[in-house]
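Each remark here refers to the structure printed beneath this line.
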Amino acid sequence: MAFDVLIVDDSQPFLDAARDLLERQGLRIVGLASTSAEAMRRSAELHPDVVLIDITLAGESGFELARQLSAPDKSAAALILISTHSRADFADLIAESPAAGFLPKSELSADAIRRIASGNGPGGGTR
């Protein structure tokens, strides 16, 4: 099953690498964003099935972006938080977030995204 994915990260090299990896694994990367404002616009335009959100965007909070995207009048996408940090570093914030789950960047894969988006993976939010 292919998902339309929007990736939000402030690192262009990571955006490029993640797009290449996930497209090779069968996901459709419909957009990339490097700021919360850009992510909100792209999500409204593209209606992705999944939004990958870096927890630590430059000067912005990925947790706040997840809250904004989960507002009833916004995205219906599955929100997945990503980070170079471990889940334990942000466990309470991840648990309180509306995200469907969390993925360390080192474990990023289409299979992991599919598991979390379908509700069968390591959750972390209240969705």
Quiz prompt | Unique residue being farther than 21 Å from Glu107 by Cβ and in a loop (DSSP other than H, G, I, E, B) when the list is Ala76, Ala44 | solution = Ala76
Exercise. For the range 54-67, indicate whether the set of residues that are open to solvent by 70 Å² or more (accessible area, probe 1.4 Å), among the hydroxyl-bearing types (Ser, Thr, Tyr) and closer than 17 Å to Asp9 by Cβ is non-empty.
Key: no
Quiz item: If you go through the range 12-28 one residue at a time, do you hit one that is modelled with pLDDT of 95 or more, of a type in the set (D, E, K, R) and either under 12 Å from the mean Cα position of the chain (by Cα) or surrounded by 15 or more Cβ atoms within 10 Å (Cβ to Cβ) (or both)?
Solution: yes
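The values are calculated or read from the model by the stated rules, or taken from the named source; none is laboratory data. Owing to the predicted nature of the structure, the values given are computational and were not obtained by experimental measurement. We place every Cβ from the backbone using ideal geometry, glycine too, and count neighbours over all the protein chains shown. SASA here: full protein model, heavy atoms, side chains in, ligands and nucleic acids out. Shrake-Rupley method; radii C 1.70, N 1.55, O 1.52, S 1.80 Å.
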